[in-house]
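The values are calculated or read from the model by the stated rules, or taken from the named source; none is laboratory data. Not measured: the values here are computed from a predicted model. Reconstructed Cβ throughout: ideal geometry from the backbone, glycine too, with neighbour counts over all protein chains shown. Note: areas computed on protein heavy atoms with side chains; ligands, DNA, RNA excluded. Shrake-Rupley method; radii C 1.70, N 1.55, O 1.52, S 1.80 Å.
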Amino acid sequence: MKDVIIVGGGLAGLVNAIVLARAGLQVVLIEKKQYPFHKVCGEYISNEVLPFFHSLGIFPEQLGASAINRLQVSSPSGNNVLNMPLDLGGFGISRYTLDHHLYQIAVKAGVTFILGKTADNIDFKTHFQVQLSDGTQLESNLVIGAFGKRSKLDKQLNRDFINKRSPYVGVKYHIQTVFPRDLIALHNFQDGYCGVCAIEEGKYNLCYLTSRDNIKRYGSIEEMEKETLYKNPFMQAIRQNARFLYEKPEVINEISFSPKKAVENHILMSGDTAGLITPLCGNGMAMAIHSAKILSGLIILYFKEQWTKEKLEMLYQQQWKQTFATRLWVGRQTQRLFGSEWLSSMAVRILKTVKPAARLLVKHTHGEVF
Ligand SMILES: Cc1cc2nc3c(=O)[nH]c(=O)nc-3n(C[C@H](O)[C@H](O)[C@H](O)COP(=O)(O)OP(=O)(O)OC[C@H]3O[C@@H](n4cnc5c(N)ncnc54)[C@H](O)[C@@H]3O)c2cc1C
């Protein structure tokens, strides 16, 4: 009987694991892959996480992260361009490096890892029973669901969003190119937008969100990129100087930004499992880390003060809503402005002219230092 089982070892799962194990709790983390591994993500993290990261002994600059303090946004034709400083700023680092680093810290903190297996079923009666893909059954007092945007477990739990199809597809490359290392660019194209930023070891992340229909229309990712993504002159310039570092891109489908619940069947959801912000607003990773900080803090109190599960669940849902609900809503509304040639051109033109509006938008989509 463990204190806490965590399903999923992305940023949310790993941060929860580190904090809880350091507080002396018995923690098991189940992750279906083996570290290190690549993930579809724009790999730009807002600096709001830095004080908390430092308190955990995580120093991204020592891993070679690039410091980013400028934003550029272009319309699909490239005719309208917004350039602005990022007040809070952020850093670029690959998930390959960052998640692996957190995994190593978690191992040192005493977390037990089960890697290369999935959690296929979670049942709650008086305590939790978690069934793994090899048939093993584990038991615990609490379960944290940190299994990301979409998992087989969402089906098992019959969560609302999983029964609706979502049109969004995410594609990621690592490249070498000629590009400023302190800039994050967001270039729009027909039916999508693409982020570009520097990560460690002189490399760059190129990651975009588009729709399934856009890829179908052109028959393949490659053809769609030629006909839409690289029609944006900024993207064309990046491609001309680029060396692509993978044979194939990382791709994920059915990305849903629909609202989710922070607690379901007594499972405490953290990170994307509780709600995914549109990447246009760029801070899903900071939110995953922040939600893990809130949740692990409450779990420590639950064990120390012998709270009931009801109290823990109620406080977590309250704090999650207070911290993230507005941000997710702004993200969903902002997303509507992009993708269409006309709307995104207009949005960039307005934001370029009305600088306070652009600043306000960036402020609302970034969180506060925590
Ligand atoms: C196209 C795109 C671009 C993005 N760009 C950015 C960006 O630039 N900046 C930013 O801050 N955010 C960005 N995000 C969002 C960011 O990637 C997520 O918010 C972040 O990864 C959330 O972390 P997580 O720990 O919640 O989930 P994840 O990192 O997805 O981790 C979930 C883990 O659970 C594991 N898992 C799933 N099911 C099971 C199971 N049944 N058993 C065991 N393990 C399981 C998975 O293998 C995975 O490792 C982007 C998202 C998309 C789609």
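Only strands (runs of 3 or more DSSP E) whose full extent lies in the range 24-115 are considered here, and the ones with at least 3 residues that are polar (S, T, N, Q) and farther than 30 Å from residue 1 by Cα are 66-74.
A Cβ distance below 6 Å, combined with a sequence gap of six or more or placement on separate chains, defines the contacts here; from the range 98-122, residues that are under 23 Å from residue 139 (Cα atoms) and within 9 Å of the ligand (Cβ to nearest atom) reach residues that are charged (D, E, K, R) and open to solvent by 50 Å² or more (accessible area, probe 1.4 Å) in the pairs 117/134; 118/32. Tell me the residue from 359, 336, 349 that is in contact with a strand residue (DSSP E or B) (Cβ under 8 Å, 6 or more places away or on another chain) and open to solvent by 50 Å² or more (accessible area, probe 1.4 Å), please. When all the criteria are applied, what remains is 359. Could you check the range 180-214 and list, in sequence order, the residues that are open to solvent by 30 Å² or more (accessible area, probe 1.4 Å) and more than 18 Å from residue 279 (Cβ to Cβ)? Scanning the range 180-214 gives 180, 181, 182, 201, 202, 203, 213. Taken across the range 246-262, residues that are within 15 Å of the ligand (Cβ to nearest atom), at positive phi, not in a helix (DSSP H, G or I) and not aromatic (Phe, Trp, Tyr) do occur, with at least one present. Residue check: residue 30 meets all listed conditions (1) within 14 Å of the ligand (Cβ to nearest atom); (2) closer than 19 Å to residue 204 by Cβ; (3) hydrophobic (A, V, I, L, M, F, W, C) but one, namely (2). Taking the conditions exactly as written (out of contact with any Gly (no Cβ under 9 Å at 6 or more places or on another chain), open to solvent by 40 Å² or more (accessible area, probe 1.4 Å) and in contact (Cβ under 8 Å) with a residue 24 or more places away in the chain), does residue 217 satisfy them or not? Here the answer is no, as residue 217 does not meet what is asked. Of the residues making up the range 133-156, those that are surrounded by fewer than 17 Cβ atoms within 10 Å (Cβ to Cβ), of a type outside the set (Val, Ile, Thr) and over 22 Å from residue 299 (Cα atoms) number 7. A single entry from 227, 310 fulfils the requirement of being within 30 Å of residue 4 (Cα to Cα) and open to solvent by 20 Å² or more (accessible area, probe 1.4 Å): 310. The set of residues in the range 291-307 that are of a type outside the set (D, E, K, R) and either within 16 Å of the ligand (Cβ to nearest atom) or in a helix (DSSP H, G or I) (or both) comprises 291, 292, 294, 295, 296, 297, 298, 299, 300, 301, 302, 303.
Here is a check on your reading of the model: is residue 288 touching a Gly at 6+ places or on another chain (Cβ under 6 Å) and assigned to a helix (DSSP H, G or I)? When the stated conditions are applied, residue 288 passes them. Residue 24 meets the conditions (1) in contact (Cβ under 8 Å) with a residue 12 or more places away in the chain; (2) closer than 28 Å to residue 264 by Cβ in every case but one. The failed one is (1).
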